[in-house]
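One structure below.
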Amino acid sequence: MKTAVFTDKGKVRTHNEDAASAILNRHGQILAVVADGMGGHLAGDVASRMTIEHFEKSWNEAEKMEHPEQAERWINDHIAEVNEELLTYANEHKECKGMGTTFVGAICTESFATIAHIGDSRCYLLNKAGFAQITDDHSLVNELVKSGQISKEDAKEHPRKNILLKALGTEQSVDADIKTIGLEVNDYLLLCSDGLSNKVQEHEMESILSSDQSLEEKAKELIRLANENGGDDNISVIIYKHVISHESDGTC
């Protein structure tokens with residue numbers, strides 16, 4: 001298993017409210033997480049950082065994931081725990097009231113990946129069948145696209161494209177979308193915040209992932225392209241390559 005993890009504040013924002021991490025636990029299994037924080041002054045940083053820290057600690061203590069049901073239950077339970085932690089913290093720190101974060105996470109084992117998400121941070125899959133987005137944004141514009149009111153192209157420039165229908169830490173309970181997919185050698189997962197997906201076309205993502213560059217070079221190229229196309233948001237990227245080994249390429 002190989003990973004590359006990078007986050008960048010972009011060309012416009014003064015600070016980075018994204019957080020990302022890929023954690024290799026004692027069983028040789030990886031949990032990759034991207035969180036895109038939101039809220040008052042610096043509160044987005046708090047929400048995304050708390051989310052990442054919770055999953056880093058919990059994954060290091062987790063039992064080996066033997067089957068999809070176990071992985072799905074584990075990630076669902078910890079999403080609920082983080083949601084409660086964020087709500088409690090915001091209630092105790094008035095400067096953080098209203099904070100929240102998106103979440104996309106992937107538990108990567110020897111034969112499958114369990115993916116969970118809340119909000120508009122995304123997971124893409126590149127395999128022999130092609131390249132595809134495998135998460136469904138919890139956003140207003142995505143609902144408008146699905147109902148046929150606007151096109152997918154219109155959604156990219158819609159004035160309300162940043163309105164989320166779900167986020168972690170903003171309600172007493174939150175339902176994540178969770179699914180498990182099979183993995184084969186040389187499959188890729190790309191996890192990212194909307195700072196990437198709003199600025200880089202899917203065919204460009206596929207081309208970069210399919211190139212002969214190292215994982216680190218691919219991640220840096222994706223971020224460079226997002227910045228070249230405006231860079232008006234924070235950009236986080238995790239690339240996971242399924243190679244059935246415990247090597248790491250990039251920051252993990």
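The values are calculated or read from the model by the stated rules, or taken from the named source; none is laboratory data. None of these values were measured; they are calculated from a predicted model. Here the Cβ is made from the backbone with ideal geometry for all residues, glycine too, and neighbour counts use every protein chain on show. For the accessible areas, the whole protein counts, side chains as well, though only heavy atoms, and no ligand, DNA or RNA atoms are used. Shrake-Rupley method; radii C 1.70, N 1.55, O 1.52, S 1.80 Å.
Some observations on this one:
- In this structure the chain gives 45 Å² per residue of accessible area when probed at 1.4 Å with all protein chains present.
- Segment 117-159, Rg to Rh (Cα coordinates; Rh as Kirkwood inverse mean 1/r): 1.03
- Our summary of shape: the Cα atoms of segment 166-205 have principal axis extents of 39, 29, 10 Å, ordered from largest down, in whole angstrom.
- Averaging Cα coordinates gives a centre for segment 41-97 and one for segment 6-35; these two points are 14 Å apart.
- Spin-label model distance (nm) - SER207 vs ARG73, 7 Å beyond Cα toward Cβ: 4.6 nm
- Kirkwood hydrodynamic radius over Cα pairs of segment 112-204, then Stokes diffusion coefficient at 25 °C and 0.890 mPa s, in µm²/s: 170 µm²/s
- GluC sites (Glu not before Pro) within segment 163-236: DSSP coil, no more than 11 neighbouring Cβ in 10 Å: GLU184
- Portion, in percent, of the accessible area of the chain that falls on carbon or sulfur, probe 1.4 Å: 46 percent
- Shape call, segment 1-160: gyration tensor on alpha carbons, a/c limit 1.5: oblate
- Per-residue ³J(HN,Hα) for segment 22-28, Karplus 6.51 cos²θ - 1.76 cosθ + 1.60, θ = phi - 60°, Hz, x for Gly and Pro: 10, 10, 9, 8, 5, 9, x
- Convex hull volume per residue in cubic angstrom - Cα atoms of segment 1-56: 64 Å³
- Restriction of the GluC sites (Glu not before Pro) in segment 39-73 to DSSP coil positions whose beta-carbon has at most 13 other beta-carbons within 10 angstrom yields GLU63, GLU66.
- With a simple spin-label model that places each label point 7 Å from the Cα along the Cα-to-Cβ direction, the separation between SER173 and GLU66 comes to 3.0 nm.
- Measuring spread by the Cα atoms of segment 92-136 yields a radius of gyration and Dmax of 15.2, 49 Å.
- For the pair segment 119-133 / segment 193-221, the C-alpha centres are spaced 12 Å from each other.
- Fraction in percent of alpha-carbon pairs per bin - 10 Å, segment 93-252: 10, 36, 37, 15, 2
- Among the trypsin sites (Lys or Arg not before Pro) found in segment 171-252, not one is both in a DSSP coil and sparsely packed, with 10 or fewer other Cβ atoms within 10 Å of its Cβ.
- A quarter of the convex hull surface defined by the alpha-carbon atoms of segment 63-138 gives 6.4 nm² as the mean projection.
- For segment 121-127, Karplus couplings with θ = phi - 60° (6.51, -1.76, 1.60), whole Hz, Gly/Pro x: 6, 10, 10, 10, 10, 10, 9
- Taking amide hydrogens as placed 1.01 Å from N in the peptide plane, the amide H of GLY230 sits under 5 Å from that of no residue at least 5 positions away in sequence or on another chain.
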